[in-house]
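First comes the structure, then the notes that go with it.
The values are calculated or read from the model by the stated rules, or taken from the named source; none is laboratory data. All values derive from a computational prediction rather than experimental measurement. Positions of Cβ are generated from backbone atoms using ideal geometry, with glycine treated the same way; all protein chains shown enter the neighbour counts. These area figures cover heavy atoms from the full protein model, side chains too; ligands, DNA and RNA do not enter into them. Shrake-Rupley method; radii C 1.70, N 1.55, O 1.52, S 1.80 Å.
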Amino acid sequence: MACTSCSTSDGGAPKGCKNNGTCGTDSCNKLTVFDWLSNMSLPNGEAPFDCVEVRFKNGRKEFYRNTEKLTLSIGDIVATEASPGHDVGIVTLTGELVKIQMKKKGVNHAGAEIPKVYRKASQKDIDIWSDARDKEESMKVKAREIAIALKLQMKISDIEFQGDGSKAIFYYTAEDRVDFRQLIKEFAQVFKSRIEMKQVGFRQEAARLGGIGSCGRELCCSTWLTDFRSVNTSAARYQQLSLNPQKLAGQCGKLKCCLNYELDTYLDALKDFPEFETKLHTEKGDAICQKQDIFKGLMWFAYTDNFSSWHILKIDQVKEIIAQNKEKKRVSSLEDFAIEIVAEPEANFNNAMGQESLTRFDQPKRSKNKSKNKSQNPNFKQGQGQNQNQNSNQNPKPEVKRPVIIIKKNEDKK
């Protein structure tokens, strides 16, 4: 899934997409749509749908009406209506699928407010558009410095130039409302262009910038996800996930959108389970549910006076006890219904190839020749290396025998 501009360069190193997924070949862009009606022809006398879908920087898509009856196909660069001037984008979808997409996005295809396509972009339009795109990164750095100097509690995440270079849209995120009137004056004075500020949410910011999630894949919001549904912590509770904000939050700082993907399946499975707050009344005492296993259909219960000992029951057994409790009957104990789970034996992988351990280099071998050399050296002194022996695990150094000189006093001296 790559185009010619994203292929490898000399030496096998990847070139990288300088367009950030907005290549003209339309093979590695964001939020791409497969035209499964492309190989089907229209009936006789049926006119093609007069609207097209055009994509701009970082997955921003708009619908435009082809009033000039241009022959457009996916990947064509067109000049579209904008206020003021014109914008330049890439056609991503044509034909009847555009009508379906407009209905999905809630856009009335018969309305008069839909902007139109002016023409196919000329080489001059493409050159101006490319030059404007090259200035965006340096402008973003300068714009952030100005915002910090004005002490505004906001983050400028992205800049998008209009196709004719007459207007720049600054996308920013902020916790509270920001008074950026002075900021716009500074931007207009420094960048010499028409300025438009547009606030986006943290999820929209992550969708525009893109990235790699904890699953190792590209972010869903930047590749195929278009609607951002609300995600609650209850979705994690139903799936029995640990309520750890660091694990449940995505790159946008909000709860991950993928928590909703399997939520319906878990809710359907939990319909067969008794309520988690259900108490079981036995002659030995009352028991409270401590844990559930949705996939195996098991529930763990513990007595109120002994929470350290858990008993495993199947769903049918729990329902049987509940039915007896409704008849004001108590079962003898949970031990009569509890089951034992046999632990699976651990797999021991034998070294069939005769290879050595991977940790054989972790602890270096001690050399035995050092102690021999020191003991055989007559010039070795016992005091040398005393501090080294205290910090090392080597054998103590042998003592060197010195010659003893005995001096006798003269006893005959009077």
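Number of residues in the stretch 263-305 that are surrounded by 13 or more Cβ atoms within 10 Å (Cβ to Cβ) and assigned to a loop (DSSP other than H, G, I, E, B) equals 8.
If you go through the stretch 58-91 and pick out every residue that is modelled with pLDDT under 90 and buried (at least 21 other Cβ atoms within 10 Å of the Cβ), you end up with 1.
Gln189 satisfies every condition listed in (1) at pLDDT 90 or above; (2) open to solvent by 50 Å² or more (accessible area, probe 1.4 Å); (3) under 27 Å from the mean Cα position of the chain (by Cα) except (3). Annotation for the stretch 118-138: at least one member residue is without any contact (Cβ under 8 Å) to a residue 40 or more places away in the chain, assigned to a helix (DSSP H, G or I) and of a type in the set (Ser, Thr, Tyr).
Please state which one of Val178, Val141, Val117 is more than 30 Å from Gly253 (Cβ to Cβ) and β-branched (Val, Ile, Thr). Show your work before the answer.
Numbers: Val178 fails: more than 30 Å from Gly253 (Cβ to Cβ); Val141 fails: more than 30 Å from Gly253 (Cβ to Cβ).
Testing whether each residue is more than 30 Å from Gly253 (Cβ to Cβ) and β-branched (Val, Ile, Thr) leaves just Val117.
Each residue in the stretch 243-254 was checked for being open to solvent by less than 50 Å² (accessible area, probe 1.4 Å) and farther than 20 Å from Ala174 by Cβ, and 2 of them qualify. Only residues that are within 24 Å of Thr223 (Cβ to Cβ) and either assigned to a helix (DSSP H, G or I) or among the charged types (D, E, K, R) (or both) were counted in the stretch 243-262, giving 10. Within the stretch 328-343, being open to solvent by less than 100 Å² (accessible area, probe 1.4 Å), modelled with pLDDT of 85 or more and of a type outside the set (Gly, Ala, Ser) holds for Val331, Leu334.
Looking at Val54, is it closer than 29 Å to Leu183 by Cβ, open to solvent by less than 30 Å² (accessible area, probe 1.4 Å), of a type in the set (Val, Ile, Thr) and at pLDDT 90 or above? Outline the logic, then answer.
Numbers: closer than 29 Å to Leu183 by Cβ: no; open to solvent by less than 30 Å² (accessible area, probe 1.4 Å): yes; of a type in the set (Val, Ile, Thr): yes; at pLDDT 90 or above: yes.
Answer is no for this residue.
Under the condition of being hydrophobic (A, V, I, L, M, F, W, C) and within 30 Å of Ala132 (Cα to Cα), the residues counted in the stretch 39-59 number 4. Tallying residues that are within 16 Å of Leu209 (Cα to Cα), among the hydrophobic types (A, V, I, L, M, F, W, C) and open to solvent by less than 30 Å² (accessible area, probe 1.4 Å) within the stretch 140-173 yields 5. Checked against (1) in contact (Cβ under 8 Å) with a residue 40 or more places away in the chain; (2) in contact with an Asp or Glu (Cβ under 9 Å, 6 or more places away or on another chain), Gly165 passes all but a single condition, namely (1). Go through the residues of the stretch 101-121 one by one and say whether even a single one is at pLDDT 90 or above and among the small types (Gly, Ala, Ser). Looking for residues that are at pLDDT 90 or above and among the small types (Gly, Ala, Ser), one finds at least one in the stretch 101-121, hence yes.
For the structure I just gave you, tell me whether Glu205 is open to solvent by 40 Å² or more (accessible area, probe 1.4 Å), among the charged types (D, E, K, R) and in contact (Cβ under 8 Å) with a residue 12 or more places away in the chain. Spell out the reasoning first.
Working: open to solvent by 40 Å² or more (accessible area, probe 1.4 Å): no; among the charged types (D, E, K, R): yes; in contact (Cβ under 8 Å) with a residue 12 or more places away in the chain: yes.
So Glu205 does not fit the description; no.
Confirm whether Lys99 is touching a Ser or Thr at 6+ places or on another chain (Cβ under 9 Å) and open to solvent by 60 Å² or more (accessible area, probe 1.4 Å). Spelling it out, it is not the case that Lys99 is touching a Ser or Thr at 6+ places or on another chain (Cβ under 9 Å) and open to solvent by 60 Å² or more (accessible area, probe 1.4 Å).
If only one of Arg229, Arg237 is open to solvent by 90 Å² or more (accessible area, probe 1.4 Å), in contact (Cβ under 8 Å) with a residue 24 or more places away in the chain and under 30 Å from Pro274 (Cα atoms), which one is it?
Values: Arg237 fails: in contact (Cβ under 8 Å) with a residue 24 or more places away in the chain.
Step by step, each of Arg229, Arg237 is checked, and only Arg229 is open to solvent by 90 Å² or more (accessible area, probe 1.4 Å), in contact (Cβ under 8 Å) with a residue 24 or more places away in the chain and under 30 Å from Pro274 (Cα atoms).
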